[in-house]
Amino acid sequence: MTSPFRYTPLAVASMALVSGLLAPALAQTLDEVVVSASRAQARSFDAPAAIQSVGREVIQNGGPQVNLSESLVRVPGLTILDRSNYAQDLQLSIRGFGARAAFGIRGIRLLIDGIPASTPDGQRQGSSVSLTSMDRIEVLRGPLAQLYGNASGGVIQAFTKPASTVPLVDYQYYVGDYGLHRADYQFSNTVGGYGLVADYSTFTIDGYRNNSRTERKQFNGKLGFKANDQTRVNLVFNQFDMPLAEDPLGLTAAQLKANPTGAGTDAVSNKARKIVLQNQLGGSATYTVDRDHAYTGRAYYGTRENLQYQSNGRWIGLSRDYYGAGLQYNAKTTWADVPVQYAAGYEFDRSSERRQAGNSPAGTKTPGSLTRDEDNLAENSDLFLQATAQVSEQFAVTGGLRASTVRFVSDDKYTPFTADSPDGSGSTRYSANNPVLGFTYFANDHLNLYANYGQGFESPTLAEVAYQGSSTPVAQFNPALNASNSRHYELGAKWVPQRGTRVDFAVFQISSTDEIVVAASSSGQTSYKNAPGTSRTGFELTGNTLLTPHWAATLSASMLDAQYSQAFKSGTTPVAAGNKIPGIPQTSVFSEMAWTGQAASTGAKTAGLGPRLAVELVHSGRIYADDINAASSDGRTVFNLSASQRWAVDKAAVTVYARLNNASDERYVGSVIVNQASKQFFEPGLPKNWMFGVSVSAPL
């Protein structure tokens, strides 16, 4: 029988490399704290799930802190295709979920400081995460992610830095190829028990391709304080202001070969671009009854204005208000002499928006040319319970259930209705009860084994139910689109063979029904349909170690065979069973070798003084661009070089950074636009490019 995986020499070499790295380790922390798996603080090593946390130093060493891809590329099972197109954001998927998205994030739950950054229908822009002020980012994959609701792929949680105990000012500035300029200003202090972090950043870039200039401004602020001895309050406000993001679109294979710096058809003549302004205010409060019982409540409100000028000479605009609230109870108790830790809660989220469209030849709105006018609503109402019972010193059982209801309503106000412009009103409701069951075996202090099963639920998004049609999409509500349901099986191990080495391994199998796939995509309009069945089988491996006090190595590798398990038709074209799901690389590898002038210390939370040099290898396998697997991009392997130097100047710390990305100047496709009707599938990756930066951190 032929293996579904293609074991390339690079993949084999990577696995051999990690085997070699595991022996001579000296130092590795096990006390990394995560909250995503159990909804309460726990050591990452003990969490019964595939979960990785990326800390502040990794985020800062990864680049100018503009894109999640800079630092999360090292997380196995998570694919971030950096399209260098800020009008459409990153293409992000976890275990293949979310890969169909033409723009933004789909099917993955995104939270910032515990406040949802995903709308009830499961969509979000990754650019809303203010990386310059983040302390760490957690990525949860596998069955336990289902307990976060409408999130079959996984959960990404970002946490703002804690406030400094003394007045502290941070400044960062980066310059780079293609007109990149990045500035960040940050203040942090704690006064009378009130801790404040305020961060403001700007970003501009001319872009590698024609029609790809971008301007962004971002603010993230967090105020934390104790209302009394038992109550801790956090208030968070963030703003994302993108007054310009030109859209270079995708390219056909011929266009890509002729000129990868060019823009797609009519992008320049019709001035394809996007304008976004988003504000969000949220708060959470934790009331600790005693050491074993606590309540946490959260509430938030936000607005988003989005205006997009498309290459077809049309514009689409939305004005959105969204809000939500949740209550969670955490407890530790004993049932029949068995220690039990559990969390139970309720979450409600609602998003309402006015969506309009019209004609905009040459990128200018035509007065009185409105072609679409409707009110859309999405909301979810969820109950959840998750518990872990420590049956013995070596054995634990985790179980949970989430009851989810998602509702969509569309009220078409564009009249009169005609055959060419039918009534787009409609409503639909999706409900699911998703159980999760897991077992953990604590073999010894250095080895944990776990097995999980869960059922997943992923509703369509408002954008996905907005169009009907299998050849030319029509702006008409599509209530026939079903939610996708999935079954997840996972086996995993976490191993610390010596003081200083950590290896995580997970193997999984996922089957789904009613997978949401592209039916047709044309001129910025995409309609969707359900495929009868898919399967995903793969494994994820990550290992890190210190070879010596000065040399550190990291490796993560993923293999994923994602295919349609049953035949169906994409429009009128048959799609055979066994075809690969587009947008998903079959293999992914990240490896880093780093040298520091100052010897590393176990559990260090900040970078040491002196130099740091690193080389990164980033590999991604072949990616199919359509369901019939007629178009694809070749795999790519790029090398990145980075260097930094950190000095102590009186009480301040000064660091300079330099990066050379794609040092071998490989020409490759950065991402694909799935099932694009005009066959403009391909978005080129960046050739060799450089970046320099400086950061200053000084107490006042």
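Any read-out appearing in this document is the output of simple, stated calculations on the displayed coordinates, not a laboratory observation. Owing to the predicted nature of the structure, the values given are computational and were not obtained by experimental measurement. Cβ sites come from the backbone with ideal geometry, for glycine too, and all protein chains shown count toward neighbours.
Here are the numbers:
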item: The chain, relative contact order in percent, only Cα pairs under 8 angstrom and at least six apart counted; result: 12 percent
item: Label point distance in nm, residue 550-residue 257, each placed 7 Å from Cα along Cα→Cβ; result: 5.0 nm
item: 16 Å cut-off, amide nitrogen to a point 7 angstrom out along residue 634 Cα→Cβ, residues in segment 258-298; result: 258-260
item: Highest to lowest packing among 444-457, 270-283, 648-661, scored as the average C-beta count within 10 Å; result: 270-283, 444-457, 648-661
item: The chain: mean projected area of Cα convex hull, nm²; result: 29.3 nm²
item: Förster radius 60 Å - calculated FRET efficiency between residue 165 and residue 509 (Cβ-Cβ, nearest 0.05); result: 0.80
item: Phi to ³J(HN,Hα) by Karplus 6.51 cos²θ - 1.76 cosθ + 1.60 over segment 433-442, Hz, x for Gly, Pro; result: 10, 10, x, 9, 9, x, 10, 10, 10, 8
item: Largest-first ellipsoid semi-axes for segment 279-341, taking √(5λ) over the Cα gyration tensor eigenvalues, angstrom; result: 45, 14, 6
item: Sequence of 233, 129 once ranked by neighbouring C-beta atoms within 10 Å, starting from the fewest; result: 233, 129
item: Rounded to the nearest 20 debye, dipole of segment 388-515 from Cβ charges on Lys, Arg, Asp, Glu; result: 440 debye
item: Length gained when the stretch residue 228-residue 392 is fully extended (0.36 nm per residue, less Cα-Cα span); result: 55.3 nm
item: At 0.692 mPa s and 37 °C, Stokes D of segment 57-96 from Kirkwood alpha-carbon radius, µm² per second; result: 309 µm²/s
item: Longest site-free stretch - the chain; sites: GluC sites (Glu not before Pro), DSSP loop, at most 15 other Cβ within 10 Å; result: 1-392
item: 222 nm mean residue ellipticity, helices alone, for the chain (DSSP H n ≥ 4; -39,500 (n - 2.57); rounded to 500); result: -1000 deg cm²/dmol
item: Rh by Kirkwood over Cα pairs, then Stokes-Einstein D for segment 576-700 at 1.567 mPa s and 4 °C, µm²/s; result: 74 µm²/s
item: Cα centroid separation, segment 554-568 to segment 234-249 (Å); result: 32 Å
item: Cβ-based exposure ranking for 261, 132, in which fewest neighbours within 10 Å come first; result: 261, 132
item: Dipole axis of the chain (+1 Lys, Arg; -1 Asp, Glu on Cβ), positive-most option in 449, 620, 492; result: 620
item: Violating pairs (Cα-Cα greater than 21 angstrom) within the set 161/494; 529/569; 271/365; 161/217; 580/679; 274/413; result: 161/494; 274/413
item: Extension gain from residue 696 to residue 648, taking 0.36 nm per residue of separation minus the Cα-Cα distance; result: 16.3 nm
item: Cα-centre dipole for the chain with unit charges at Cβ (Lys and Arg positive, Asp and Glu negative), debye to 20; result: 600 debye
item: Footprinting exposure proxy for 286, 160 (fewest neighbouring C-beta atoms within 10 Å first); result: 286, 160
